[in-house]
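Below is one structure; the comments refer to it alone.
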């Protein structure tokens, strides 16, 4: 049986900090404990590798200079020449992610972690102008590292944009001086109110936070305007109040709602609008594939359809 060779994939656009992150990983974190490694560099950035320094930790440097050259054959050549015990791929941010994700890797090579570096100063510009490329990188990442952040960085907005693309990604904010910003993110509503009243602009933010940090909402009461998903095929005693949300563009609209247990659900028409006040209880639900927030109505009132039916994550 071939020995497993861990592959660490670093993605991000030019000058987003990939090379610096690879070097931090290798030198500061003493990664791999001297195991023989190879870095496959797929673009030249401002920061350069010191090959003599890499040699002190048993690591070599090679390159793949074009997307066309990123082939099974080239990777096999690298494997044969360097016989690595661990591999670090600094991928080119302008190459398609399918190239690496679908690549037939040498025997034993397994991508064990994908890290995406993002320059916080250019993130929104790239999302506006190169959305497809950016989304590909974020979707594939296990960890998203926003670097060059400061007190003015809208971390909440960045997190929500990432989570609409990749809910499982871990997000790290690194300040300009290299320290990690671990301050708790501020929410636009007060979770210590007797009833957390959510405006339309708050709903998407609350949805993301409640799904990710559900424990803090256990036994809390919330109130919001909802569109009800309650077709006849749905299990009796259950309905789903929620909203249609635009995640990134008008072509990407999805319904986001919560499981709601209500013994009079048959009185609530499918696709009707309601103002619902409900207690949140954290329970196992197969719809969540684990524990999550389940709503128990305290009061339900008919409501008018809002002028803008969509909610947003920003």
For this session: Report the far tail of the P(r) of segment 34-188, meaning the percent of Cα-Cα pairs longer than 18 Å.
Result: 64
For this session: Estimate the FRET efficiency between residue 157 and residue 286 by the formula 1/(1 + (r/R0)^6), using the beta-carbon distance for r and 25 Å for R0, to the nearest 0.05.
Result: 0.20
Problem set entry | Reduced Cα scattering model of segment 196-297, Debye log10 I(q)/I(0), q = 0.13, 0.19 Å⁻¹ | -0.43, -0.96
Problem set entry | Length released on extending from residue 131 to residue 296, taking residue separation times 0.36 nm less the Cα-Cα span | 55.6 nm
Exercise. For segment 147-260, what log10 I(q)/I(0) values come out of the Debye formula at q = 0.11 1/Å, with one point per alpha carbon and no solvent?
Worked result: -0.45
Exercise. Using a basic spin-label model with each label point 7 Å from the Cα along Cα→Cβ, how many nm lie between residue 53 and residue 172?
Worked result: 1.8
Exercise. In degrees, nearest 10, range 0 to 90: what is the angle between the Cα axis of helix 131-140 and the longest Cα principal axis of the chain?
Worked result: 80
For this session: Calculate the all-directions average of the projected area of segment 165-216's alpha-carbon convex hull, and give it in nm².
Result: 5.0
Problem set entry | 0 to 90° range, to nearest 10: angle between helix 200-212 axis and the chain longest Cα axis | 60
Exercise. When you take every Cα atom in the chain, what is the radius of gyration, and what is Dmax, the widest Cα pair distance, in Å?
Worked result: 23.6, 74
Exercise. Mean separation of Cα pairs under 8 Å and 6+ residues apart, divided by the residue count of segment 24-147: what relative contact order is that in percent?
Worked result: 25
Problem set entry | Sorted largest first, extent of segment 240-314 alpha carbons per principal axis (Å) | 35, 31, 19
For this session: Any chance you could check the Cα centroid distance between segment 202-235 and segment 53-72 for me, in angstrom?
Result: 47
Exercise. At 222 nm, what helix-only mean residue ellipticity would the chain give, in deg cm²/dmol to the nearest 500, using -39500 (n - 2.57) for each DSSP H run of four or more?
Worked result: -6000 deg cm²/dmol
For this session: Figure the gain on full extension for residue 279 and residue 33 (residue separation times 0.36 nm, minus the Cα-Cα span) and round it to one decimal in nm.
Result: 83.5 nm
For this session: Quote the FRET efficiency, to the nearest 0.05, computed for residue 263 versus residue 193 with a Förster distance R0 of 22 Å and r equal to the Cβ-Cβ distance.
Result: 0.25
Exercise. Convex hull over the Cα atoms of segment 78-154, averaged projected area in nm²?
Worked result: 6.3
For this session: Calculate, for residue 150 and residue 71, the FRET efficiency according to 1/(1 + (r/R0)^6) with r their C-beta to C-beta distance and R0 41 Å; round to the nearest 0.05.
Result: 0.50
Exercise. Taking Cα atoms, how many degrees apart are the long axis of helix 72-82 and the longest axis of the chain, rounded to 10 and kept between 0 and 90?
Worked result: 60
For this session: Count the DSSP beta bridges whose two residues both fall in the chain, then state the antiparallel fraction as a percent rounded to the nearest 5.
Result: 45
Seminar exercise, completed: Share of Cα-Cα pairs in segment 1-108 beyond 18 Å, whole percent, is 46
Exercise. Among 268, 195, what is the fewest-to-most ranking by other Cβ atoms within 10 Å?
Worked result: 195, 268
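Every number in this text was worked out from the coordinates using simple rules, so none of it is lab data. This one's a predicted model, so the numbers in the text were calculated from it and none came from an experiment. Here the Cβ is made from the backbone with ideal geometry for all residues, glycine too, and neighbour counts use every protein chain on show.
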